[in-house]
Amino acid sequence: MRLSTRMGRLGTESAFEVLARARALEAQGRTITHLEIGEPDFATPAHIVDAAVRALEEGHTHYVPSPGIPELREAVAEFLERTGRLATSPDRVIVTPGAKPILWYVLHAVCEEGDEVLIPDPSFPIYGSLASFVGATPIPVPLREEHGFRLDPSELASLVSDRTKLLIVSSPENPCGSALTREDVEAIASIAIEHDLLVLSDEIYWAICYEGRKHVSVLDVDGMADRTVLLDGWSKTFAMTGWRLGFGVFPAWLVEPVTRLVINSVSCTAAFGQHAAIAALRGPWEPVEAMVAEFARRRDVIVDGLNAIDGISCVRPGGAFYVFPNVRGLGFPSREVERHLLDDAGVAVLSGTGFGIHGEGYVRLSYAASVERIRGALDAIGASVQGLVR
Ligand code: PLP
């Protein structure tokens, strides 16, 4: 028996590998601080859980329409309008089990052999993995520390070719925590319009922005709604990673093909969860605000703590719940730093190279852990890298 050739092009997420190694150490009795995981450590707000229980009791346990139940598609359109992000109509919204399938569907629907996909580097590893899987060529667009880890429009423009089909942008960004500015999105949009590119705007971290910064998107620019797929979902904003609930908003021509992909893959998203998703969008915003305020507090603790360690320097990120410190001063490749911190300090972090070639020299730490655990991890990292600096 032999796997298909295309399986050789499908990557993975290093977070799951590091988690497995950390769990193996825990099984041997070691205590590990998990800073590798990309999920809020908060409970899903009670009113959302209650809505799911009610939906189950009311019998929402059957197949529902593939693009999502009409009430939820309406609630998504209404939510996007109310939060000042996008005026759209419910028939452009497709609900999926988590936001990840939106990537899967878009890449399968539009890309083929010979196409190029522009992908920020470092970024969420699934972008490049799926682009390669469908036979396209991922073209990394470097996110440089000296440019605040944001896409540099002139560098982006220089990488567009007549084979470029799709541009993926993400803000706030995983793993860097950088957030695009108004000038950035305007420059990116004008490149997309000039070269007739489809844009996939991954805004899964949109609600987690600091210093009162308002989230901005390429969708804010006139003319972009017809060439942009918005990817978003409930996982991060409402601490609902395990519920598997996401959505996309599509240009009209993509709605039917993507719906056909949903029919061919998952049929529909779990019915009772969709009722909980409505409760999340229409319910109180305070739990989200409280979570973001706590993330902001932790961000400052972790940034200040890392900057106090010899050989490490860390930019203060504008959004998401990751820091992406520069560890070049330690004198070892990022993969070795990842391994050393897990084995010696008992702190699970991810090598920047898990997010692309331009991640060399960096590691990602998620601060989805209590301040107390973060402080403990910082002490352990500081002690462990003493003597490592060369
Ligand atoms: N996009 C980015 C940038 C992410 O970091 C993640 C999850 O880590 C996703 C999309 C996928 O989100 P979901 O868990 O809803 O599939």
### Query
Only one residue in 221, 249, 255 is out of contact with any Phe, Trp or Tyr (no Cβ under 6 Å at 6 or more places or on another chain), under 16 Å from residue 86 (Cβ atoms) and without any contact (Cβ under 8 Å) to a residue 60 or more places away in the chain. Which one?
221
### Query
Which ones in the stretch 204-214 are more than 14 Å from the ligand (Cβ to nearest atom) and either part of a helix (DSSP H, G or I) or within 15 Å of the chain's Cα centre (by Cα) (or both)?
209
### Message
Being at negative phi and surrounded by 23 or more Cβ atoms within 10 Å (Cβ to Cβ) is true for just one of 305, 356, 352, 329. Which residue is that?
### Response
352
### Message
Could you tell me how many of the residues in the stretch 59-83 are more than 17 Å from residue 284 (Cα to Cα) and in contact (Cβ under 8 Å) with a residue 12 or more places away in the chain?
### Response
15
### Summary
Note on the stretch 4-42: residues of a type in the set (Lys, Arg), out of contact with any Ser or Thr (no Cβ under 9 Å at 6 or more places or on another chain) and either exposed (fewer than 15 other Cβ atoms within 10 Å of the Cβ) or not assigned by TED's automatic domain parsing to the domain that holds residue 347 (or both) are 23, 30
### Task
Test residue 167 against the stated conditions and say whether it is outside the structural domain of residue 367 (by TED's automatic domain parsing), part of a strand (DSSP E or B), crowded, with 18+ Cβ neighbours inside 10 Å and not β-branched (Val, Ile, Thr).
yes
#### Entry: Residue among 25, 107, 80, 19 that is assigned to a helix (DSSP H, G or I), closer than 27 Å to residue 368 by Cβ and within 16 Å of the ligand (Cβ to nearest atom)
19
### Query
Hey, any hits in the stretch 281-297 for a residue that's on the phi > 0 side of the Ramachandran plot and either more than 13 Å from the ligand (Cβ to nearest atom) or of a type outside the set (Ser, Thr, Tyr) (or both)?
no
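The values are calculated or read from the model by the stated rules, or taken from the named source; none is laboratory data. All of these numbers come straight from a predicted model, not from anything done at the bench. Positions of Cβ are backbone-derived with ideal geometry, glycine not excepted, and every protein chain shown enters the neighbour counts.
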